[in-house]
Amino acid sequence: MADWTPEELTRIGDAEELEISSRRPDGTLRPYVTIWVVRVDDDLYVRSAYGATNPWYRRARESGSGSVRAGGLEREVTFGDADPGRSQDIDAAYHAKYDRHGPAIVGTVVGPEVAPLTIRLEPALS
C-alpha cells in the first residue's frame, strides 16, 4: 500500500466533493459518481448515504479498486475497510465539513447505522 502525499491529503480532503469510480471485471472504469469525502489525520474516507445497496458503494466493495478525482487531482485507489474505532472521528469530520447543509442530509452519513458503510480510500501503488 502507498501513502497519500501531504498535498494529496490536503487537496482531496479539502474538496467539497469527490468523484469516485470502481473498476469493472474487464478493468475499465465505471462512470464517476459524485459523493462527499472527509479526512481524518492521514486517511480519507467516504460513506454510502443510502445503504449497502447503493450502486456505487456495492460496486466499489465488489471491485476493490477504482479511481477518485477531487481537488484537481486524479488517483488510482483501492477501497479498504475503515477501522471501527475511528467511527466517531469520521462522524466528527463529516459534521465539521458538511453541517452547513443541514441535519437531514448530514444525518445520512453519520451515526452507528452508516459506520459499517465506511470505505477507507487507499492510494494504489503506481
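Structural remarks
- Test: residue in the range 114-122 that is over 22 Å from Asp14 (Cβ atoms), in contact (Cβ under 8 Å) with a residue 40 or more places away in the chain and of a type in the set (Val, Ile, Thr): yes
- Restricting the range 66-91 to residues that are of a type in the set (S, T, N, Q) and buried (at least 16 other Cβ atoms within 10 Å of the Cβ), the residue that is farthest from the chain's Cα centre (by Cα): Ser87
- Being closer than 26 Å to Gly107 by Cβ, under 11 Å from the mean Cα position of the chain (by Cα), of a type in the set (A, V, I, L, M) and not in a strand (DSSP E or B) is a property that Ile20 lacks.
- Scanning the range 27-79 for residues that are among the acidic types (Asp, Glu) and either at pLDDT below 95 or in a strand (DSSP E or B) (or both) yields Asp43, Glu74, Glu76.
- Tally of residues being surrounded by fewer than 19 Cβ atoms within 10 Å (Cβ to Cβ) and either basic (Lys, Arg) or farther than 19 Å from Ala93 by Cα (or both) across the range 32-49: 2
- Residues that are surrounded by fewer than 18 Cβ atoms within 10 Å (Cβ to Cβ) and within 15 Å of Arg39 (Cα to Cα) within the range 100-114 are absent altogether.
- Flag if Trp56 is under 14 Å from Leu121 (Cβ atoms), crowded, with 16+ Cβ neighbours inside 10 Å, touching a Phe, Trp or Tyr at 6+ places or on another chain (Cβ under 8 Å) and in contact (Cβ under 8 Å) with a residue 12 or more places away in the chain: no
The values are calculated or read from the model by the stated rules, or taken from the named source; none is laboratory data. Just so it is clear, the structure is predicted and the values come from calculations on it, not from any experiment. A quick note on method: Cβ atoms are made from the backbone with ideal geometry, for glycine too, and the neighbour counts reach across all protein chains shown.
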